[in-house]
Amino acid sequence: MTNNTAIELRNLTKTFGKVVANKNISLSVNKGEILSVLGENGSGKTTLMNMIAGIYFPDEGQIFVDGKEVSITSPKHAYDLKIGMIHQHFKLVDIFNAVENIVLGIDEGSYNLKAATAKIKETCDKYGFEIDFSKKIYEMSVSEKQTVEIVKVLYRGADILILDEPTAVLTPQEIDKLFNVLRKMRDDGKAIIIITHKLYEVLEISDRIAVLRKGEYIGTVNTADANESMLTEMMVGEKISLNIQRSEPVNPTERLTVKNVNCYNRDGAKILDNISFSAYSGEILGIAGISGSGQRELLEAIAGLQKIHDGDIVYNNPKTGKSDNLRDKTPMQIRELGVRLSFVPEDRLGMGLVGNMDITDNMMLRSYRKGHSMFLKRKEPKDLAEKIIKDLQVVTPDTKTPVRRLSGGNVQKVLVGREIASSPTVLMAAYPVRGLDINSSYTIYNLLNGQKEKGVAVIFVGEDLDVLIELCDRILVISGGKVTGILDGRTAKKEEIGLLMTKKTNGDGGER
Amino acid sequence: MIASFIQRAVMQGIPLLFGSTGEIITEKSGNLNLGIPGVMYVGGISGVIGAFMYEQSFEDKADMNPFLAVLIPLLCCVFGSLVMGLIYSFLTTTLRANQNVTGLALTTFGTGFGNFFGGSLIKITNSDIPSITLSSTSAYFSKTLPFADNLGWVGQVFFSYSFLAYFAIILALFVSFVLKRTRVGLNLRAVGENPATADAAGIKVILNKYAATCIGSVIAGLGGLYYVMDYADGVWSNDGFGDRGWLAIALVIFALWKPKFSILGSILFGGLFIVHNYIPNIDVSTQEIFKMLPYAVTILVLVIVSARKKKEHQPPQSLGVTYFREER
């Protein structure tokens, strides 16, 4: 270790319950250097940074600051060590103004906001920031809020800055501005760690790049020696051979056609940008993309949960042979039309199941409208619950156990089992294997394959590119709310998908 | 008559002012303490127990030391309400229990606690009527400014109150100042708005929540003491405190979480609460409708504030939410 090392991590490990978020991670950052930490979603980047910032406490391993071993017990302690973190979800109090937010938690003698304002202005001038001191945080744009966050950290005299996905919400112009500021701070001798999964940004801004994959440290390369395909390979890993039986689609017919769909979120930002594709019966259509690129919104739009600004979603009913436009129909209307979409939400307990209710009751959530008696018939849902437990090997004491007490994999099986039981013609599944072990994952893959063979059009949103390539017949890649490519699952290369996932699109989802 | 109405309205309002000032401090830390009615009840009965013990130790009540006669009930009241605040903090902050359930449980507990000890004291005195009278202690508590009687209506409206009443108003102004103009206040508001942000900024979230809840409870408890010793002239009867605890919580909303507004609000609420006594020829059921007025006004304020949607007039953002740093 040289004197030039600002912070060094040795063998850091952090687990949440059974999930290993970080495993034996070692890396170091020098003064006057920008280090990028690169990795897919869920690779443990944020967890690692939170340990440096004192939000999480590591289970194992050591942290050295300026060559001395430290044990960072709280965010305050991190500040005392001159470590400042700019969180992805800004840590600002909405109803305070910039100055109040910046001085928050600092004890510097008398409480004088005017003097503090003058001092903050000095910092701003030094690095070329602009802050409107009369505005409250809730009146500010995302970029303004980020500026306040950065100034807050600098004002506290941080020498080690951590930025968690700072560019995710910025426009290209704002990103350029941010990068100029970062370079200025680097030249000022500060150590900067920037987390991102956008390859072109990594190559543009950083001096060195550390790559994490699935909670493990893969390696560090000098940016000068790196290129996109090499980084992609480090990020997504070597090809692991999976054994998913993929049958040829039998007699595919167009079941669902999405035409030029545009959607806006509550803030008026475009989340789906001119999306068009078709889903065929008897095939699995995979959707790949960095989390938050619009996958969730796309599925919600089809399920009738997301308002569509313009565009059409045409559903070809296999029974009647008629075509129906799903646009602007409520989920219930979609059901009444005979259009059956089964939806496995990303947040399986939040949207799919009621945690405090048992398996039988959760089955009834889908069937309560059946029958005409004012009393509920519990027999059928109970039989269904028992069938799912038996068929999918759900580990549970009985059908009366609250779903919340089951492990993640078993919850997932119950949810997928219920959705499949309604014999859908289109089955949409978002991240159905998130947090599951290999065996449970394979049960789910086999279920999806079984549906495909029955002639269901399956739409599968996944994170693991290996699985997408093995499982899906076609893979649609989405980036920043746009379709950047539709590939054949049998011939697609992981690197190819990776590049399409990070492909810079106009606006990048952040433009209004 | 107007002067006496205002005087009674203020005296009626002071317990509410104590309660709402305490609850504002508590809510600013993000803790929604619905146990305030119970806390005020416990504050009252603790003071009564202290005063009762002290009075009983004298054959001739004239021998009582005026200083101790005030200090003992005061300390008992502070202790009783502090324990209530600690129970609430421990359950919601340390054990992360649901705030609403905990608060309601404390209200039920506090009322029962008060009625149990109130009933016991009444039994000890072998009194014919279901109340205890602590007129000697009350006399010290309700001492007014000496020159008030000579100033006519001015004296009656402005100077005819006891030291606790003035203390309530000064305290409300002081709390306003602390919340708005000091670092302690800034930190506390940050904890209630966004504990994760406060934590990341190095503020001790747990400590702030405990301190605010306990201090808030003590202040609210004083409202119970004031009610018994001054407003009710030292007469404790079970359930005599009535709905004042809930009115205090309504007042917090009415005052938009600003103690200085609750000074005026408490007098208004106090006035609305007793206005039926000043309207001639109305029957009992009509009186009850008048007693509803403070709540009606609170609803009206809520409607107006919600319609205006100004962020500063909303409750603290994390009100009622338990905080755990490593939550994912």
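Summary table below
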quantity	calculated
Selection from segment A:446-504 of residues that are assigned to a helix (DSSP H, G or I), open to solvent by 50 Å² or more (accessible area, probe 1.4 Å) and more than 17 Å from residue A:236 (Cβ to Cβ)	A:446, A:453
Matching entry among A:99, A:37, A:65 (being touching a Phe, Trp or Tyr at 6+ places or on another chain (Cβ under 8 Å) and either over 25 Å from residue B:195 (Cβ atoms) or more than 9 Å from chain B (Cβ to nearest Cβ) (or both))	A:99
Some residue of segment A:75-84 being within 9 Å of chain B (Cβ to nearest Cβ), in contact (Cβ under 8 Å) with a residue 40 or more places away in the chain, under 26 Å from residue A:185 (Cβ atoms) and touching a strand residue (DSSP E or B) at 6+ places or on another chain (Cβ under 9 Å)	no
Unique residue being touching a strand residue (DSSP E or B) at 6+ places or on another chain (Cβ under 9 Å), more than 18 Å from residue A:479 (Cβ to Cβ), modelled with pLDDT of 80 or more and crowded, with 18+ Cβ neighbours inside 10 Å when the list is A:272, A:256	A:256
Only listed residue being assigned to a helix (DSSP H, G or I), open to solvent by less than 20 Å² (accessible area, probe 1.4 Å) and under 30 Å from residue A:137 (Cα atoms), chosen from B:247, B:302, B:251, B:222	B:251
Extreme residue, modelled with the highest pLDDT, among residues of segment B:305-326 that are within 14 Å of chain A (Cβ to nearest Cβ) and open to solvent by 60 Å² or more (accessible area, probe 1.4 Å)	B:317
Residue among B:275, B:235, B:178 that alone is surrounded by fewer than 19 Cβ atoms within 10 Å (Cβ to Cβ), more than 14 Å from residue B:23 (Cα to Cα) and free of Cβ contacts under 8 Å to residues at least 12 places away in the same chain	B:178
From A:50, A:24, A:11, A:4, residue being without any contact (Cβ under 8 Å) to a residue 60 or more places away in the chain and at positive phi	A:11
Members of segment A:66-87 that are open to solvent by 10 Å² or more (accessible area, probe 1.4 Å), among the β-branched types (Val, Ile, Thr) and closer than 24 Å to residue A:102 by Cα	A:73
Matching entry among B:148, B:200, B:168 (being open to solvent by less than 30 Å² (accessible area, probe 1.4 Å), touching a strand residue (DSSP E or B) at 6+ places or on another chain (Cβ under 9 Å) and either in contact (Cβ under 8 Å) with a residue 60 or more places away in the chain or over 30 Å from residue B:56 (Cα atoms) (or both))	B:200
Residue under evaluation residue A:209, criteria (1) out of contact with any strand residue (DSSP E or B) (no Cβ under 7 Å at 6 or more places or on another chain); (2) in a strand (DSSP E or B), criterion not met	(1)
Residue in segment B:88-100 that is open to solvent by less than 70 Å² (accessible area, probe 1.4 Å) and in contact with a Phe, Trp or Tyr (Cβ under 8 Å, 6 or more places away or on another chain) present	yes
Candidate set from segment B:181-197 (those that are at the interface with chain A (Cβ under 7 Å from one of its Cβ atoms) and in contact (Cβ under 8 Å) with a residue 60 or more places away in the chain); member that is farthest from residue B:148 (Cα to Cα)	B:196
Hits in segment B:103-134 (condition: within 30 Å of residue B:23 (Cα to Cα), open to solvent by 50 Å² or more (accessible area, probe 1.4 Å) and outside any strand (DSSP E or B))	B:104, B:105, B:108, B:109, B:113, B:116, B:117
Single unsatisfied condition, residue A:434 versus (1) charged (D, E, K, R); (2) surrounded by fewer than 22 Cβ atoms within 10 Å (Cβ to Cβ); (3) modelled with pLDDT of 80 or more	(3)
Among the residues listed as A:104, A:92, the single one being modelled with pLDDT of 85 or more, surrounded by 20 or more Cβ atoms within 10 Å (Cβ to Cβ), closer than 25 Å to residue A:179 by Cβ and within 13 Å of chain B (Cβ to nearest Cβ)	A:92
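The values are calculated or read from the model by the stated rules, or taken from the named source; none is laboratory data. Keep in mind that what you see is a predicted model, and the values were worked out from it rather than measured. Note: ideal-geometry Cβ built from the backbone for every residue, glycine included; neighbour counts use all protein chains shown. Heads up: the accessible areas ignore ligands, DNA and RNA and are worked out on the full protein's heavy atoms, side chains in. Shrake-Rupley method; radii C 1.70, N 1.55, O 1.52, S 1.80 Å.
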